[in-house]
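Trainee: Take a look at this one; I'll ask things after.
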Amino acid sequence: MPESSSAMVPLHVIFFFCIGDVLSALPEGWSACKQSAPDYEDCLKKQVNNALRFFKDGNKKMGIIPLDPLHLQTMDIEQGSGPVSITLKMKNVDLVGLSAASEVTSIKNDWKKMMMKLYIPHIHLLGDYTIDGKVLILPISGSGKVNMDFDKVEYTFDMTFKQVTKNGKKYYQVDKMPVTVLPKKVTYNFENLFKGNKELGDNMNKFLNENWAEIMDAVKPALSKTLEAVYREYINRILSKLSAEEIDIK
């Protein structure tokens with residue numbers, strides 16, 4: 001299972017219940033969503049929101065790790081050019097806040113395309129980091145502990161599907177899936193920047209926090225590309241085990 005992105009498991013959980021038309025895969029008390037029903041989209045929203053609570057502590061029987069906190073072995077962002085040009089590598093990352101108050105605000109799905117928006121009030125990230133490069137006009141380097149806070153975050157997932165045939169059966173696969181992440185505010189705290197020079201480190205953290213919006217805008221393409229690759233691979237692993245006729249209930 002890939003473990004290189006912060007949003008990976010939330011989307012795993014979301015997608016599991018979006019394809020939760022397979023009754024045998026749903027926990028007791030859950031219901032399937034039929035595409036022909038007038039409340040299809042409301043049903044999907046409800047099932048996904050329930051799933052975010054249900055999987056807070058994970059589910060060993062279903063092979064799902066805890067959602068809150070979510071532990072990631074690695075999480076990398078590489079931006080090669082422009083006003084922000086950095087290589088940020090993180091490991092032993094914990095993400096807190098992905099479950100309790102998260103909410104799917106809209107979802108549309110016809111098995112040609114799926115568009116989904118997820119709102120998360122607050123995400124706290126902590127882990128180990130190494131960074132090197134340039135942020136706006138200033139060089140940055142260091143390694144140590146990192147804390148980040150993301151407030152009022154909106155994820156948008158825009159998936160396009162295709163069908164493939166395997167052993168005489170048809171399966172859905174995600175062909176393309178742009179991912180957009182829009183926080184209302186980001187706060188950074190990188191410890192041990194510039195080989196532990198406290199004055200330089202404090203000034204850089206202050207600079208990052210004063211310019212968080214410009215930094216987010218600059219790294220969006222790299223972030224979207226990273227998230228799309230991870231999510232598409234993971235979702236396609238799930239879809240490869242469920243035939244189209246099992247999950248596409250009209």
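The values are calculated or read from the model by the stated rules, or taken from the named source; none is laboratory data. Just so you know, these numbers come straight off a predicted model, no measurement behind them. With ideal geometry, Cβ positions are generated from the backbone for all residues, glycine too; neighbour counts draw on all protein chains shown. Keep in mind that these areas ignore ligands, DNA and RNA; they rest on the heavy atoms of the full protein, side chains included. Shrake-Rupley method; radii C 1.70, N 1.55, O 1.52, S 1.80 Å.
Trainee: Name the single residue that is farthest from L52 (Cα to Cα) among those in segment 94-145 being polar (S, T, N, Q) and modelled with pLDDT of 90 or more.
Mentor: Once the filter is applied, the top-ranked residue is S141.
Trainee: Then there's this: Take S102 and tell me if it is touching a residue at least 40 places away in the same chain (Cβ under 8 Å) and closer than 28 Å to I235 by Cβ.
Mentor: Here the answer is yes, as S102 does meet what is asked.
Trainee: Something else about it: Mind listing whichever residues of segment 40-52 are farther than 13 Å from L118 by Cβ and at pLDDT below 80?
Mentor: Step one: list which residues in segment 40-52 are farther than 13 Å from L118 by Cβ, which gives 40-43, 46-47, 50.
Residues satisfying the conditions are Q47, N50.
Trainee: Mind listing whichever residues of segment 71-130 are among the hydroxyl-bearing types (S, T, Y), under 14 Å from the mean Cα position of the chain (by Cα) and open to solvent by less than 70 Å² (accessible area, probe 1.4 Å)? Explain how you work it out, then say what you get.
Mentor: To start, the set of residues in segment 71-130 that are among the hydroxyl-bearing types (S, T, Y) comprises 74, 81, 85, 87, 99, 102, 105-106, 119, 129-130.
Now narrow it down to the ones that are under 14 Å from the mean Cα position of the chain (by Cα): 74, 99, 102, 119.
Scanning segment 71-130 gives T74, S99, S102.
Trainee: While we're on this one: Checking N197 against (1) surrounded by 14 or more Cβ atoms within 10 Å (Cβ to Cβ); (2) at negative phi, only one condition comes out false. Which one?
Mentor: Only one criterion is unmet by N197, namely (1).
Trainee: L67 passes all but one of (1) in contact with a Cys (Cβ under 9 Å, 6 or more places away or on another chain); (2) surrounded by 20 or more Cβ atoms within 10 Å (Cβ to Cβ); (3) assigned to a loop (DSSP other than H, G, I, E, B); (4) not aromatic (F, W, Y); which number fails?
Mentor: All conditions are met except number (1).
Trainee: Further question on the same structure: Can T180 be described as surrounded by fewer than 19 Cβ atoms within 10 Å (Cβ to Cβ), among the hydroxyl-bearing types (S, T, Y) and over 26 Å from K45 (Cα atoms)?
Mentor: Working: surrounded by fewer than 19 Cβ atoms within 10 Å (Cβ to Cβ): yes; among the hydroxyl-bearing types (S, T, Y): yes; over 26 Å from K45 (Cα atoms): no.
Considered against the rule, which asks whether it is surrounded by fewer than 19 Cβ atoms within 10 Å (Cβ to Cβ), among the hydroxyl-bearing types (S, T, Y) and over 26 Å from K45 (Cα atoms), T180 comes out as no.
Trainee: Now for a separate question. Hey, among the residues in segment 155-167 that are of a type in the set (S, T, N, Q) and open to solvent by less than 50 Å² (accessible area, probe 1.4 Å), which one's farthest from L193 (Cα to Cα)? Give the steps one after another, and end with the answer.
Mentor: First, pick out the residues of segment 155-167 that are of a type in the set (S, T, N, Q): 156, 160, 163, 165, 167.
Imposing the further condition that a residue be open to solvent by less than 50 Å² (accessible area, probe 1.4 Å) reduces the set to 156, 160.
Numbers: T156: 33, T160: 41 Å.
Out of the qualifying residues, it is T160.
Trainee: I would also like to ask the following. Please count how many residues of segment 197-250 are modelled with pLDDT of 75 or more and of a type in the set (A, V, I, L, M).
Mentor: 10
Trainee: Here is a further query. Name the one entry in K170, K152 that is closer than 30 Å to L242 by Cβ, assigned to a strand (DSSP E or B) and either open to solvent by 60 Å² or more (accessible area, probe 1.4 Å) or among the β-branched types (V, I, T) (or both). Break it down stepwise before answering.
Mentor: Details: K152 fails: closer than 30 Å to L242 by Cβ.
Sole residue among the options that is closer than 30 Å to L242 by Cβ, assigned to a strand (DSSP E or B) and either open to solvent by 60 Å² or more (accessible area, probe 1.4 Å) or among the β-branched types (V, I, T) (or both): K170.
Trainee: Tally up the residues in segment 197-212 that are in a helix (DSSP H, G or I) and either touching a strand residue (DSSP E or B) at 6+ places or on another chain (Cβ under 6 Å) or touching a residue at least 12 places away in the same chain (Cβ under 8 Å) (or both), please.
Mentor: Initial filter on segment 197-212 (in a helix (DSSP H, G or I)): 198-210, 212.
Those left that are additionally either touching a strand residue (DSSP E or B) at 6+ places or on another chain (Cβ under 6 Å) or touching a residue at least 12 places away in the same chain (Cβ under 8 Å) (or both): 201, 204-205, 207-209, 212.
Residues that pass the stated criteria total 7.
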